[in-house]
Amino acid sequence: MDDGLAVRGGIVVPEAELNWRFSRSSGPGGQSVNTTDSRVELSFDVANTTALTPMLKDRALERLESRLVGGVITIAASEQRSQWRNREAARTRLAALLREAIAAPPRKRRPTKPSKGAIRRRVEAKQRRSETKRLRGRPTD
């Protein structure tokens with residue numbers, strides 16, 4: 001855990017930029033329910049990080065703006081009874097969130113139009129369907 005948080009190839013958030021906070025987890029816990037600080041909060045200052053290039057930082061700030069408080073993103077984990085497992089869960093979640101936030105935008109769709117054969121087949125099918133429905137009517141004298 002000392003070498004930092006690997007986000008994707010070449011991008012590693014230094015451990016010094018990750019802030020940990022521990023508290024008692026809510027819910028059932030047995031004998032150690034009120035004695036262990038198993039809930040974990042992991043905070044990361046996206047706005048002031050040195051791990052991301054300016055372009056990636058801007059992209060992450062834009063995509064995560066609804067989750068940021070003062071440029072800082074906080075991940076809470078309390079699913080496990082063990083603090084170590086909650087730490088691992090929080091690290092994994094933060095890495096996945098950052099990976100998704102700094103991903104390149106999807107390529108633009110290249111507009112296409114249907115081929116002449118496809119248009120012809122569609123019109124013929126419509127004509128066949130129209131004829132079927134027309135023949136369902138009452139016979140005329």
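The values are calculated or read from the model by the stated rules, or taken from the named source; none is laboratory data. All figures in this text were calculated on a predicted structure; none of them were measured in a lab. Quick reminder, even Gly has a Cβ in these numbers, built from the backbone with ideal geometry, and neighbours come from all protein chains shown. Side chains are part of the model used for accessible areas, which takes the heavy atoms of the whole protein and leaves out ligands, DNA and RNA. Shrake-Rupley method; radii C 1.70, N 1.55, O 1.52, S 1.80 Å.
Below are the figures for this structure:
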quantity	calculated
Count of residues meeting criterion [open to solvent by 80 Å² or more (accessible area, probe 1.4 Å), out of contact with any Phe, Trp or Tyr (no Cβ under 8 Å at 6 or more places or on another chain) and at pLDDT 85 or above] in the stretch 8-28	2
Single condition L5 does not satisfy, out of (1) at pLDDT 85 or above; (2) surrounded by 16 or more Cβ atoms within 10 Å (Cβ to Cβ); (3) touching a helix residue (DSSP H, G or I) at 6+ places or on another chain (Cβ under 9 Å)	(1)
Single residue of the stretch 51-73 satisfying the filter (among the β-branched types (V, I, T) and outside any loop (DSSP other than H, G, I, E, B)) that is least open to solvent (accessible area, probe 1.4 Å)	I73
For S78: the one exception among (1) modelled with pLDDT of 90 or more; (2) touching a Ser or Thr at 6+ places or on another chain (Cβ under 8 Å)	(1)
Odd one out for R134 among (1) open to solvent by 60 Å² or more (accessible area, probe 1.4 Å); (2) under 30 Å from G10 (Cα atoms)	(2)
Contacts under 7 angstrom Cβ, first residue in the stretch 37-56 being under 20 Å from S23 (Cβ atoms) and of a type in the set (S, T, Y), partner open to solvent by 10 Å² or more (accessible area, probe 1.4 Å) and outside any loop (DSSP other than H, G, I, E, B), 6 or more apart	S38/Q83; S43/N19; S43/V72; S43/T74
Residues located in the stretch 74-101, provided they are outside any helix (DSSP H, G or I) and of a type in the set (V, I, T)	T74, I75
